[in-house]
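Undergrad: Dumping the structure here so I can ask a few things about it.
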Amino acid sequence: MEYTKDEKHLKIKLNSDFNIVAVRKIENLLKVEETEEIDIDLSESKIVDSEAIKFIYLKNKEGIRTTIHHPPEILYEALRILELQDIFKKFIAE
Amino acid sequence: MDTTLKLKSDLRIIEPVTDFSYKFGLNAGLTKEEATKLALAIDELVTDIVLFAYKNEKGEFEISFNLTDDSIEIIVHELGEPFDPNKHKYDVKKVIEKNDFEGAGLRLIENLVDNFLFINKGAGGKEFRIVKNIKFPHITELFTHEEMQVEPAKAVSYTLSRVTPKDAEDISKLIYRVYGYTYPKEEMYYPEKIRRILEKGEKYAVIVRTDKGEAVGYFAIIRSTDSKIGEVGEAVVSREHRGKGIMTMMMKALIDIAKEKGLLGLFGEAVTVHTVSQRVNAKYGFKTTALLVGFFPHVEYKGFETGQQRISVVIDFLPLTERNDLEIYIPKRYKKIIKEIYKNMGINIKDKRVTDFTVKEKTIIQMNISFKYGQAVLVVKSFGNDFIHRVQEKVKTLKKKGIKAVYIDLPVENAGTKIFTDQLFDLGFVFAGIMPLFHHQKDYLRMQMVFEDINFKYINVYSDMAHKIKNKVSREFKWNTQKMKSI
């Protein structure tokens, strides 16, 4: 995982799947970096699982604007199954 | 290609296992999209095991990746904390109102794979089974109906040869030409599936061609995976070429091949919609040993009444090795019929008395499920104290998952068979027959339970022995139908 910080804006590029391990790494980062906005580049992730979906949803609920970029196609399938596709439209960058 | 991984319960193993699942899926023939779905399902399951079954404590679990002819089956076995998936149902309302994602992983797994089964094995832990079907092109996607309907011209002579993977397409076309869409073994309409099976060497088959090289006959032996026997089946002869001795030529060749390969016996699962296959089997010395009721889903057979019910088969067996005397445990309930079945096979049996039977600490039952045919076979390896309870739990789980027929194989050389048969009957199982040399070269008593209505009027049998077995089975069915329905 690579990241850059610009004031309270955290930019992350994952070089793995977006799973529980990646979620925990980001959460650890958030403990030490005051953050109001997160952008996560998923162009190298094959999978985004339910732990990652939960993380994105909860961070946005907490008020930390979390946006994902270049997600794999499987994410849309997972969101459809979990009936969250409408809610997630605003969390995925065009 | 089948593989078992023994893994430590550790978050770090999630991605390697997910990657392995993806690659396994691709190698098995899944598209990238379908392999990714399989990988995500495994990611969810392994994550749940590490987080909840072992709660970040030390522990180990196993994942087996098995490739069948047309599907990938992944079995996960773990000994973590008890768990009931029915108590963890996902609900999007709970997400919105309470930020509660409980059950999201299970919801994903159920929707990303073709079958997902959870089995609570009591002290033996928990087992999860994931099945992902592999999609191949159907023969009608490769050739037009008209192309396949052209009947090969009359021949001056015929040539029989052993089938090679190159014959797969011709076999599929032949099946389509003769049976249309009514052949019950669906895989025969997929040349790629046939080719794979032939490459694996699990099937010995012969093909008959005219002097112009056109395929007009095909017949195969499918090797059993856990015993040195084989099933004769998939017999087909082109209409215009019947009555020329092609079937006889093929059967003789197959029996020779079976002997050459060291098989101890051959069996046929002959449908009971008509008695044609049973007559052919009888002609070559096969003896009926069992009647399996509702063995595969309903299929229409041109010109025959099927009663819109699941199709039943008789087991016809041909020993290829001499078996004269046998000492086995015969349950009192089935003493007469079992003795007759063995006598009909030319085997004298002696009923062993139970003298010092002690139940094992653990019940071990191997479960073979065919979701495609809606049936499961439970093979008993050892009888433990909890045997009946374990069987009951398995049957309930299978029924809930849409399985329509459950068969249980009991080793006749184990005293437990004599002891537990009555309790299985009380549970709702009924007699099916003897399965000779069916597992590890040993004989098994098979009992059965079917969850759909069966009218025995549509079950046609040929031999005297088959009639006797049918009478026994139908009587017991009448007696136990309500129990089967209420389990």
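Where a number appears in this text, it was derived from the coordinates with a stated rule and is not lab data. Only a predicted model underlies this, so the values are computations on that prediction, with no experimental measurement involved. Positions of Cβ are generated from backbone atoms using ideal geometry, with glycine treated the same way; all protein chains shown enter the neighbour counts.
Undergrad: Checking the table A:5/A:59; B:335/B:442; B:121/B:352 against a 24 Å threshold on Cα-Cα, which pairs fail?
TA: B:121/B:352
Undergrad: Assign unit charges at the C-beta atoms only (+1 for Lys and Arg, -1 for Asp and Glu), then state the dipole size of the protein assembly as shown relative to its Cα centre in Debye, rounded to the nearest 20.
TA: Dipole of the protein assembly as shown, to the nearest 20 debye: 2960 debye.
Undergrad: Helix by helix, which DSSP H runs in chain B go 18 Å or more along their axis at the Cα atoms and have an average Kyte-Doolittle hydropathy of 0.5 or more?
TA: Membrane-span-like by this rule: B:246-260.
Undergrad: What's the FRET efficiency of residue B:23 with residue B:361 using the Cβ-Cβ distance as r and R₀ = 60 Å, to the nearest 0.05?
TA: Calculated transfer efficiency: 0.95.
Undergrad: Skipping prolines and chain starts, which residues have an amide H placed within reach, meaning under 5 Å, of the one on residue B:347, given they are 5 or more residues away or on another chain?
TA: none
Undergrad: Let me ask something additional. What is the calculated FRET efficiency for residue B:51 to residue B:308, with r their C-beta to C-beta distance and R₀ = 35 Å, to the nearest 0.05?
TA: For residue B:51 and residue B:308, the calculated efficiency is 0.15.
Undergrad: Can you find, among A:68, A:55, A:45, the residue farthest towards the positive end of the dipole of chain A? Put +1 on the C-beta of Lys and Arg, -1 on that of Asp and Glu.
TA: After comparing all options, I get A:55.
Undergrad: Between residue B:453 and residue B:239, what length in nm is gained on full extension when 0.36 nm per residue of separation is reduced by their alpha carbon distance?
TA: Value of the extension gain: 73.6 nm.
Undergrad: To continue, here is another question. List the residues, sorted by chain then number, that are 5 or more residues from residue B:381 or on another chain and whose placed amide H is less than 5 Å from its amide H.
TA: Counting only residues 5 or more places away or on other chains, the set is B:364, B:365, B:366.
Undergrad: A follow-up question, please. Quote the charge dipole size of chain B about the Cα centre in Debye, to the nearest 20; the model charges only the Cβ of Lys and Arg (+1) and of Asp and Glu (-1).
TA: The dipole of chain B has a size of about 1760 debye.
Undergrad: Follow-up. Listed highest first by mean packing, meaning other Cβ atoms within 10 Å per residue, what order do A:57-63, B:443-449, B:155-161 come in?
TA: B:443-449, A:57-63, B:155-161
Undergrad: For segment B:84-202, build the charge dipole from Cβ charges (+1 Lys, Arg; -1 Asp, Glu) around the Cα centre, then report which of B:95, B:113, B:149 sits farthest towards its positive end.
TA: Of B:95, B:113, B:149, it is B:95.
Undergrad: With +1 on each Lys and Arg Cβ and -1 on each Asp and Glu Cβ, and nothing else charged, work out how big the dipole of segment B:142-263 is about its Cα centre, in Debye to the nearest 20.
TA: 380
Undergrad: Still on this structure, I have one more. Let a ≥ b ≥ c be the square roots of the eigenvalues of the Cα gyration tensor of segment B:175-321; is it rounded (a/c under 1.5), or, if not, prolate (a/b larger than b/c) or oblate?
TA: rounded
Undergrad: Still on this structure: Set Lys and Arg Cβ to +1 and Asp and Glu Cβ to -1, take the dipole of the protein assembly as shown about its Cα centre, and tell me which of A:1, B:473, B:27 lies farthest positive.
TA: Of the candidates, B:473 comes out farthest on the positive side.
Undergrad: Further question: What FRET efficiency would be calculated for the residue pair residue A:34, residue A:93, taking the C-beta separation as r and a Förster radius of 30 Å, to the nearest 0.05?
TA: Between residue A:34 and residue A:93 the formula returns 0.85.
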